[in-house]
Amino acid sequence: MRFVLVLATQDDDRILAATEKLTDAYWAGTARGVPTRARALHLLGQMLTKVGTGLTRAPAGQ
């Protein structure tokens with residue numbers, strides 16, 4: 001949720017900092033030459049895919 005709020009600021013410096021921090025810690029990154037917003041959307045896409053996958057799995061034991 002915090003990442004989405006950073007995206008809403010439309011401040012490229014904050015978006016880049018948050019994208020770099022999250023990518024380094026948890027996600028697959030994009031090439032450094034890609035524009036900041038495209039990198040952020042790539043990261044957001046990875047997050048949504050992971051959440052969506054978790055929502056479509058049946059709970060254990062069912």
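The values are calculated or read from the model by the stated rules, or taken from the named source; none is laboratory data. The model shown is predicted, which means the values in this text are computed figures rather than measured ones. Please note: Cβ atoms are built from the backbone with ideal geometry, for glycine as well, and neighbour counts cover all protein chains shown. With ligands, DNA and RNA removed, areas are computed over all heavy atoms of the protein, side chains included. Shrake-Rupley method; radii C 1.70, N 1.55, O 1.52, S 1.80 Å.
So, with a 1.4 angstrom probe, what is the percent of accessible area on the chain that is carbon and sulfur? Provide the component values of the computation, followed by the final result.
Numbers: 2820 of 4710 Å².
Carbon-and-sulfur percentage of accessible area, whole number: 60.
So, by mean Cβ neighbours within 10 angstrom, what's the order for 14-24, 30-40 with the highest one leading?
14-24, 30-40
How large is the helix-only mean residue ellipticity at 222 nm for the chain, computed as the sum of -39500 (n - 2.57) over DSSP H runs with n ≥ 4, divided by its residue count, in deg cm²/dmol to the nearest 500?
Calculated at 222 nm, the ellipticity per residue is -23000 deg cm²/dmol.
Charges at C-beta only: +1 for Lys and Arg, -1 for Asp and Glu. How large is the resulting dipole of the chain about its Cα centre, in Debye rounded to 20?
200
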